[in-house]
Amino acid sequence: KLQFLYFIETMHRLVWAVRRARCRSASLYPGISSVEYVETPEFKRDVGQFKILQQMGTDGKVAEGVEMPFSWEDATKMYECMVRSSVYDVALSEMQRQGRITFYCTNHGEEAASTASGAAFEPQDMIWPQYRELGMFLWRGLTTESIVDCCMGNEGDEAKGRALPVHYMLPEANVQVVHAVLGTHIAQAPGAGYAYKLNGEDRCSVAYFGDGAASEGDALSALNYASVLKCQTVFVCRNNGYSISTPVSDQYAGDGIAARGAAFDIPTIRIDGNDVFAVYNGVKAARKHCVENKEPVLVELMTYRVGDHTTSDNSSAYRPEGEVESNIEEGKHPIDRFKLYLEANGRWDAEKEKALRKKAHTEIMTAMKAGENKKRANPTHMFTDMYDELPWHLKEQHDSMHAHIQNNRDKYNTKAYRDL
Amino acid sequence: MHRTLRAAGRRWLSSAATEMNMCTAINLTMKDAMRRNDKMVIFGEDVGFGGVFRCSVGLRDEFGRDRVFNTPVNEQGLIAFAVGLCVAGHDVIAEIQFADYIFPAFDQIVNEVAKYRYRAASNWDVGGLVIRAPCSAVGHGSMYHSQSVESYFAHCPGLKIVIPRGPYQAKGLLNASVADRNPILFFEPKTLYRNAEGSVPDEHYTIPIGQADVVRVGSDITMVGWGTQVDRMLGAASILQEEHGVSVEVIDLQTIVPWDVVTVTESVRKTGRCIVTHEAPVTNGFGAELTSTIQERCFLSLEAPIQRVCGYDTHFPLAWEEFYLPSVPRLVESAVKTMNY
């Protein structure tokens, strides 16, 4: 009888062990979202389709039920930033060809992506730019004088001429320095986003980047850190189809950059980046979600790089003929598209357009003339800002440099530098 | 070969002090730094539970998960995250688990951390950042747990690099690093966490960054090194004095960049002879920089060429660690050769 009871006991334990194992299987696999089993191998390759947010068609007409999310004053201001961006781009590219600046990077075709997203953030949001966001910079107050002084590297430049053209910054307007190394900033923004969360601020950090920069390890690191540490960070990817000559088909195999957000449980949205309404509304919603829920959001703006990568590039060498035209004709260009809307609502006309373009052109030419008369900063500034205080070896090198210059004045262009 | 090291420290006559090892000194220093500045955060891989070397034990319990936390296994993201936090006004102690694994973060350190202030014209900076990493030989570490990496970074303008030799130095230098408004790489020879013991004042104090320490005064030959090498130099100095009648002046550089050129060159002008020694491979190790500058400034005082006693230009081997290291016998041999030049 004892043996029989023992047998029952053992079977009882076995059944319960199996049941417990089944229940415990969820805790056996921490870090995944579902514990459903299948009996035949199944391979999954997509995370579901992203719908593209679009509220204004290429005919300038806004979808039924969509209200203008900003005032006419802001609408006009946005449009002016977009046009100024375009006019400055043309003028500065020409100046590069004339040798008056060494290098320039245009923003053609991405004026809405840049300006409308910039306008959707709050002034206190800290932005880390890439280098193709002039519209955002203009919205935040970058002056023509700053643009030109930076491109010329003269003493008027905030960075004293240390960096290449287009490496702007706006310390008072919370825009970090444009820098050349690709993608390194994407993983920095979450650090600030974490700080804003810790301190309970109504504030987010922002990282703008392109489809190419999104391939950098730092971009993946950024998504991972921002999601697991829950950072108030909005990632804005301008997917413009090219990274220099590399089309997106050579850049990645997945569903754009948006697909990567889901892998990290990051709320993600894909937006028609040439639609001012969609960009503004989508980014505004992203920011709201980010700050209210204290977690990152990924925004992919679909757009097209109309210009060359920079003045060192000639994209006709690698772009199919007619591709650029087909992307900007018939209202596809973000400026034309928004203009159609403004004109249809009686807020813009050909005269205003002419006046604005003339004004923008004059602005940049005036800044250029003034800039060309400015000196370069004294080379003492090669050594300042390296540390908070000058260490001995830099002091020695600085003094040695100046002594050398003084003994060889005729061999250098000393007149070009302040007080040299 | 390990033996308990008693780091030579100075005693504050008036205050209390406690015997402890270097790991504890670092732990207590970080605790104190966190108490003094509620905007400081500490993070790294496995930092939460106390860290693989136990340097961050107890910090999460006292300061909470918001301020002391684990990061994903991703060094480039770790340092980038630290940059963002510093820009947003916080101070950061970021831990890289082993100096051998700092290289994924090399881009962030060289192209971002080191350049942040310069390219932003001091509108922003990463001065609130201290990057800590265990470095150097531990007896059984092999290629990826033994590297000394200071020279990779010494070549990069805009950084400071500090290496303590024991608990007293660790506390003073780490306090100074936290206070310093420039980004600092703080490399901690991991074998010293447990093997370096000494008396550490209870009160807060700093040791100036950029200041070397003459650990043993001598007259015949100067030896310059840092970290674990200091104890080896002292060991060699004893033997040289007892068996060869050679008086060795031993200098712990303490800060690699910016290094204390005055103390070192004053010493070499006095002795006329110099050995520079470090575990890192000899070619392009920081010893090369020291040798070059010392000979430039002390040329007429030199009685013999400056010697470098360093790791060989191989990877750090497991089986032959005792031969690889710039050991006491190698230092003695080099000093004797120099004296007989």
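The values are calculated or read from the model by the stated rules, or taken from the named source; none is laboratory data. Since we're looking at a predicted model, the values are computed, not measured. No Cβ is skipped: glycine too gets one built from the backbone with ideal geometry, and neighbour counts run over all protein chains shown. Ligands, DNA and RNA are excluded from the accessible area calculation, which covers all protein heavy atoms including side chains. Shrake-Rupley method; radii C 1.70, N 1.55, O 1.52, S 1.80 Å.
What does the structure give for A:192-199 when I average, per residue, the other chain Cβ atoms found within 10 Å of the residue Cβ? Mind showing how you got there, number by number?
Details: counts 9, 4, 9, 10, 1, 1, 7, 4.
That average works out to 6.
Report in % the part of the accessible area of the protein assembly as shown that belongs to carbon and sulfur, leaving out ligands and nucleic acids; probe 1.4 Å. Numbers along the way, then the final one.
Details: 17440 of 33430 Å².
The C+S portion of the solvent-accessible surface of the protein assembly as shown is 52 percent.
At 7 Å along the Cα-to-beta-carbon direction for both A:Q3 and A:K61, put a label point, then send me their distance in nm to one decimal.
Distance between the two pseudo-spin positions: 9.0 nm.
Show the residues, 5+ positions off or on another chain, whose built amide H is closer than 5 Å to the amide H of B:V309.
B:V276, B:T277, B:H278
Mind giving me the FRET efficiency for B:L318 and B:V73? R0 is 41 Å, r the Cβ-Cβ distance, nearest 0.05 is fine.
Values: r = 24 Å, r/R0 = 0.58.
Approximately 0.95, to the nearest 0.05.
Could you state the per residue volume, in Å³, of the convex hull enclosing the Cα atoms of region B:57-146? Before the final figure, lay out each step's value.
On the way: hull volume 9.3 nm³, N = 90.
Value for region B:57-146: 103 Å³ per residue.
For A:E73 and A:A180, what does the FRET efficiency come to when R0 = 45 Å and r is the distance between their Cβ atoms, rounded to the nearest 0.05?
Numbers: r = 36 Å, r/R0 = 0.80.
In this case the efficiency is close to 0.80.
Read phi for every residue in region B:327-334 and hand back ³J(HN,Hα) as whole Hz from Karplus 6.51 cos²θ - 1.76 cosθ + 1.60, θ = phi - 60°, with x for Gly and Pro.
7, 4, x, 5, 5, 4, 4, 5
If you take the accessible area of B alone, add that of A alone, and subtract the area of the pair, what total do you get in Å², probe 1.4 Å, to the nearest 100? Before the final figure, lay out the partial values.
Values: alone 14630 and 22430 Å², together 33430 Å².
Buried: approximately 3600 Å² between A and B.
Order A:L301, B:L318 by their accessible area, 1.4 angstrom probe, all chains in place, largest first.
Details: A:L301 0, B:L318 100 Å².
The residues order as B:L318, A:L301, largest area first.
Pairs of alpha-carbon atoms within less than 8 angstrom and 6+ residues apart define the contacts here; what relative contact order does chain B have, in percent?
On the way: 754 pairs, mean separation 58.4, N = 341.
Taking the mean separation of contacting Cα pairs over the length of chain B, I get 17 percent.
Just B:V73, B:V257, B:V214 to compare: in a GNM of chain B, with alpha carbon springs under 10 Å, which one fluctuates most?
In this elastic network of chain B, the residue with the biggest mean-square fluctuation among B:V73, B:V257, B:V214 is B:V73.
Can you list the residues in region A:204-239 whose accessible area drops by at least 50 Å² when all protein chains are present, compared with the chain alone? Use a 1.4 Å probe, heavy atoms only.
The answer is A:Y225, A:L229.
Could you work out how far helix A:276-293 tilts from the main Cα principal axis of chain A, as a 0 to 90 degree angle to the nearest 10?
60 degrees
Counting other C-beta atoms within 10 Å, and keeping those with at most 13, which DSSP coil chymotrypsin sites (Phe, Trp or Tyr not before Pro) do you find in region B:257-340?
Details: sites: B:W259, B:F286, B:F299, B:Y312, B:W320, B:F323, B:Y324; in loops: B:W259, B:Y312, B:W320.
Within region B:257-340, the qualifying chymotrypsin sites (Phe, Trp or Tyr not before Pro) (loop, at most 13 other Cβ atoms within 10 Å) are B:W320.
Within 10 Å, count the other beta carbons around each residue, average over each peptide in B:182-189, A:200-207, and list them highest first.
Details: B:182-189: 26.1, A:200-207: 22.2.
Those peptides, ordered most packed to least, come out B:182-189, A:200-207.
For the protein assembly as shown, take N as its residue count and report Rg(C-alpha) divided by 2.2 N^0.38 Å.
Ratio of Rg to 2.2 N^0.38 Å for the protein assembly as shown: 1.12.
For chain B, please report how many Lys pairs fall under 18 Å Cα to Cα, leaving out neighbours fewer than 8 apart on the same chain. Walk me through the numbers before you get to the answer.
On the way: B:K31/B:K39; B:K31/B:K171; B:K115/B:K160; B:K160/B:K171; B:K171/B:K190.
Going through chain B pair by pair, I get 5.
In deg cm²/dmol, rounded to 500, what helix-only [θ] at 222 nm does the protein assembly as shown give when every DSSP H run of at least 4 residues adds -39500 (n - 2.57) and the total is split over its residues? Before the final figure, lay out each step's value.
Values: 25 runs with 296 residues, N = 761.
Here the helix-only value at 222 nm equals -12000 deg cm²/dmol.
Given a cut-off of under 8 Å on Cα pairs at least six residues apart, what relative contact order in percent is computed for region A:297-420? Walk me through the intermediate numbers first.
Working: 35 pairs, mean separation 21.9, N = 124.
Relative contact order for region A:297-420 comes out at 18 percent.
Let me know the mean shielding of B:41-48 by other chains, meaning the per-residue number of their Cβ atoms within 10 Å of its Cβ.
Details: counts 4, 0, 2, 0, 0, 0, 0, 0.
Partner Cβ neighbours, averaged per residue: 1.
Could you provide, to the nearest whole Å², the per residue accessible area of region B:171-300 with probe 1.4 Å? Present the calculation step by step, with values, prior to reporting the outcome.
Working: 4090 Å² over 130 residues.
Result: 31 Å² per residue.
Relative to the longest principal axis of the C-alpha atoms of chain A, give the angle of the C-alpha long axis of helix A:2-28, reported between 0 and 90° and rounded to the nearest 10°.
Orientation of helix A:2-28: about 20 degrees from the principal axis.
Can you pull the mean other chain C-beta count within 10 Å for peptide B:109-119?
Values: counts 0, 1, 4, 7, 0, 1, 7, 5, 5, 12, 12.
Other-chain Cβ atoms within 10 Å of each residue's Cβ, averaged: 5.
Please work out how much length the chain gains when fully extended from A:R100 to A:K369, using 0.36 nm per residue of separation minus the C-alpha to C-alpha distance, in nm with one decimal.
Numbers: separation 269, 0.36 × 269 = 96.84 nm, distance 1.04 nm.
Net length gain for the segment: 95.8 nm.
Can you give the angle from 0 to 90° between the axis of helix A:111-120 and the longest principal axis of chain A, with both taken from C-alpha atoms, to the nearest 10?
Taking the Cα atoms of chain A, the angle to A:111-120 is about 70 degrees.
Want the number for A:S33 to A:K354: 0.36 nm per residue separation, take away the alpha-carbon distance, what's left?
Values: separation 321, 0.36 × 321 = 115.56 nm, distance 5.70 nm.
Extra length from A:S33 to A:K354 when fully extended: 109.9 nm.
Under a crude label model (7 Å from the Cα following the beta-carbon direction), how far is A:R13 from A:W392 in nanometres?
For A:R13 paired with A:W392, the spin-label model returns 7.5 nm.
May I have the extent of the alpha carbons of chain B along their three principal axes, as whole Å values ordered from largest to smallest?
Principal axes ranked by extent give 60, 44, 43 Å for the Cα atoms.
Between A:T76, A:T143, A:T40, find the one with the highest GNM mean-square fluctuation for chain A; connect C-alpha pairs within less than 10 Å.
Fluctuation is largest for A:T40.
Which peptide among A:404-413, A:347-356 comes first, and what is the full order, when sorted by highest mean count of other Cβ atoms within 10 Å?
Numbers: A:404-413: 10.1, A:347-356: 13.3.
By packing density, highest mean first, the sequence is A:347-356, A:404-413.
Would you mind getting me the FRET efficiency between B:S15 and B:M339? Use the beta-carbon distance for r and R0 = 41 Å, nearest 0.05. Mind dumping the intermediate values first?
Values: r = 42 Å, r/R0 = 1.02.
Working from the Cβ atoms, E equals 0.45.
Please list the non-local residues whose amide H lies under 5 Å from the amide H of B:E249, H modeled 1.01 Å from N, same-chain partners needing a gap of 5 or more.
B:G218, B:S219, B:D220, B:I221, B:T222, B:M223
Between B:N111 and A:A344, with labels modelled 7 Å along Cα→Cβ, what's the label distance in nm to one decimal, could you check?
4.4 nm
Only Cα pairs under 8 Å and at least 6 apart count here; give the relative contact order of region A:199-338 as a rounded whole percent.
Values: 213 pairs, mean separation 39.2, N = 140.
28 percent.
Which value, to two decimals, describes the C-alpha radius of gyration of chain A once divided by 2.2 N^0.38 Å?
Values: Rg = 27.2 Å, N = 420, 2.2 N^0.38 = 21.8 Å.
Output field value: 1.25.
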